[in-house]
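The values are calculated or read from the model by the stated rules, or taken from the named source; none is laboratory data. Treat the numbers as computed from the prediction; the structure is a model and nothing was measured. Positions of Cβ are generated from backbone atoms using ideal geometry, with glycine treated the same way; all protein chains shown enter the neighbour counts.
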Amino acid sequence: MSATGSSPAAPDIHAPGLPEFTLLALLALVWGSSFLFIKVAVDNGLPPLTLATLRIAMGAVILLGLARARGQAWPRGAALWLKLTFLGIIGNSLPFFLIGWGEQFTTSQLAAILMATIPLLVVVLAHLMTHDEKMSVPKVAGVLFGMAGVVVLVGVDALNGLGAQVIGQIAILGGCLSYSLYGVNARRLPQIGAEMTVGIILALGFVAILPVCLIVDRPWALSPGGDAIFAAFWLGLLSTAFGNWLFFTIMRRAGASFASTNNFLVPVMGLGWGFFGYNEVPGVNAVAALILILIGLALPRMRRH
């Protein structure tokens, strides 16, 4: 594949089929594990900001190493590098910081509900910024069903805090908007290798977040335990490197709107990881949430006859 700034634009997306749904489920499984391993890392001596910085660094090293092993060329052209830098900030360092900072002022349950707005934001942004992902009634209905599923999953009571701790909630929504902009803009990159593209985006995100980490956490003074180190490697290798590669691959094949629906499945998968990792037993609400989310995923794919 060409790696120049004049490479052809991304091809039009196609309707997702079984391979795309399989990749989506795998992505949700991988990203759903993040909740468990973040908890393990933070409980054993790694602050969230340092953990995020390590994840991004490991993901960048792994994907760039794989890209070079596969013979993928470096991108060329100042305009392309500027765009990759922009994506590294809005897709990694900025949302990591905003969501982590915002959760200091609000509950994690409410944060999960706010994160479920990402697919809705992507539907709107994709309608405005692309020619092949236009808004439709089934798409909007699907997003609303998915959001309802997330609300049922974490509990309707979590909505009681909506409007309180406004600063934290605005920060989390800012992170959601940042992720949404990333999803729409990353699809518009030239057709360079996926590993090289995502690796560079992560590397540039690392450059942006590193100074904040050094100032805030002073990581040289930390003494993380062995469990935290294992969790960091899991998050770097699977959740960040493999997960971001999967997301980028799905987005190129089926569009940003479809790829963003992983935000509905991730909390459900997170419950599963919590059950097997911490013996946390999900309730009836988890089943109801899964049904609503599956309906939300199916609605945009239904054809009119």
Handout entry: The listed residue being assigned to a helix (DSSP H, G or I) and buried (at least 20 other Cβ atoms within 10 Å of the Cβ), out of 192, 200
Key = 200
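Each row is one residue, and each column tells you yes or no for (1) more than 30 Å from residue 168 (Cβ to Cβ); (2) not charged (D, E, K, R).
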{"position": "22", "(1), (2)": "yes, yes"}
{"position": "47", "(1), (2)": "no, yes"}
{"position": "51", "(1), (2)": "no, yes"}
{"position": "76", "(1), (2)": "yes, no"}
Handout entry: Residue count, the stretch 52-79 (criterion: buried (at least 21 other Cβ atoms within 10 Å of the Cβ) and at pLDDT below 90)
Key = 2
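Can you tell me which residue among 178, 257 is of a type outside the set (Asp, Glu), within 18 Å of residue 120 (Cβ to Cβ) and modelled with pLDDT of 90 or more?
178
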